[in-house]
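Engineer: One structure, as structure tokens, below. Some questions next.
What follows draws every value from the coordinates through simple rules; no lab data is involved. None of the values given here were measured: they were computed from a predicted structure. Virtual Cβ from ideal backbone geometry, glycine too; neighbours counted across all protein chains shown.
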Amino acid sequence: MLSLAGLLAACGTTPTKVAGGGRKPRPSGDVSLSGLKADGAGREILMYTLGLLDLDYKFGGANPEAGLDCSGMVSYIYQNAVGVKLPHNAAQIANVARPIPDSRMRVGDLVFFNTMNRPFSHMGIFIGDAKFVHAPRTNSAIRVARLDNSYFAARYEGARTLFS
């Protein structure tokens, strides 16, 4: 039971307070999708990833119909885009992926963050141009964010890949 709780908590982030009468805050910085390029497996991953934008976040969610959390999103995309089965836990996915320098990141690589005072508690998929897609938290949706966003830059733990 304890391990199940750990799995479910893998991508939960502390909800932020919403100002302005219940409107969700807009992400800061350029999150446009123009100019993104990818080949091979990265292209398939990118297409699945972009198809999930604006889908509701669901803590512990593992499919688009129910909603997705961060590791559920990554697991779903990798399974359907390239046939790679991954655990539904950000830290476990980090353990099976190989660390890479940021300068070697390609579309489809994984980016990890410490958002809950524990390593690899949040993750997303790198889509190029210093941007990634992630499922942030309850009462939000899958979205594009920038790696240089002040919140994520302060919590960034690095990139990892499943590509050879």
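Engineer: What size of dipole, in debye to the nearest 20, comes out for segment 96-156 about its Cα centre when the only charges are +1 on Lys and Arg C-beta atoms and -1 on Asp and Glu C-beta atoms?
Structural biologist: 120
Engineer: Determine, from the Cβ-Cβ distance of R118 and D39 and an R0 of 30 Å, the FRET efficiency 1/(1 + (r/R0)^6), rounded to the nearest 0.05.
Structural biologist: Here the calculated transfer efficiency is 0.30.
Engineer: Taking 7 Å along the Cα-to-C-beta vector as the label spot, tell me the L50-N80 distance in nanometres, rounded to one decimal.
Structural biologist: The two pseudo-label positions are separated by 1.6 nm.
Engineer: Could you run the Karplus curve 6.51 cos²θ - 1.76 cosθ + 1.60 with θ = phi - 60° over segment 145-160 and give me ³J(HN,Hα) per residue in whole Hz, x for Gly and Pro?
Structural biologist: Result, rounded to whole Hz: 9, 9, 5, 8, 4, 4, 5, 6, 4, 6, 10, 5, 10, x, 9, 9.
Engineer: Find out how many positive minus negative residues lie around R98, taking Lys and Arg as positive, Asp and Glu as negative, among other residues whose Cβ is under 13 Å from that of R98.
Structural biologist: Local charge sum for R98: +2.
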